[in-house]
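Asker: To start, I am sharing the structure in question, which I have written as structure tokens.
Readers should treat all values here as calculations from the given coordinates under stated rules, not as data from a laboratory. Just so it is clear, the structure is predicted and the values come from calculations on it, not from any experiment. Cβ atoms come from the backbone with ideal geometry, glycine included; neighbour counts cover every protein chain shown.
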């Protein structure tokens, strides 16, 4: 049953109840109701209502919104089967779980990266830089020049070592670098100029380990 038809039925039932129970209403209210009801039964009012109803029946409308260009169905639409509805519900629930799991995984990764960066700064301050400063003092005594630079924002420490003609011979200052890889959650040790670098976990970056890495770099430099 369309919306207009339901309204017609409700209106007819309402008028019937009004005529049945109107005498039981207070006098003034009863007179008002009778007057309104009498208007509805006047010929011209009645004809007008019939015309409006006829127009509504000839040009039916649906109170549900539809996308532009889609017509109202001409037959009664069957109810969706339970198994189909359950299939949609299951698929939607599965997608929601997947999205929630991805969000939790992303939050976990962000937390791990943030914690990794904090630990990198601690390792740089407590292990890498003090170990390099000891090597710098030792090499300076043996006539080598060293330059130690650190960038806590980029999580990188660079240690350059050169002596006289080294810079001119190689074209740039040789160096060893320790920098953080927050994707792999490890510290990369890189030897310049010919090295691909290697990754070490933060637990492997001890004071002694840093000095051994620099010793390997220095031996290659003085060959």
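Asker: With 10 angstrom as the radius, rank 223, 79, 108, 121 by how many other C-beta atoms surround their C-beta, starting from the fewest.
Answerer: Going from sparsest to densest Cβ surroundings: 223, 79, 108, 121.
Asker: Consider all pairwise Cα distances in segment 115-221 and report the whole-number % of them above 18 Å.
Answerer: Tail of the P(r) past 18 Å holds 45 percent of the pairs.
Asker: Continuing with the same structure: Round to a whole angstrom and tell me the spacing of the C-alpha centers of segment 186-219 and segment 88-150.
Answerer: 16
Asker: Okay, next question. Could you tell me the convex hull volume per residue, in Å³, taken over the Cα atoms of segment 169-223?
Answerer: On the way: hull volume 4.3 nm³, N = 55.
Taking the convex hull of the Cα positions in segment 169-223, it is 79 Å³ per residue.
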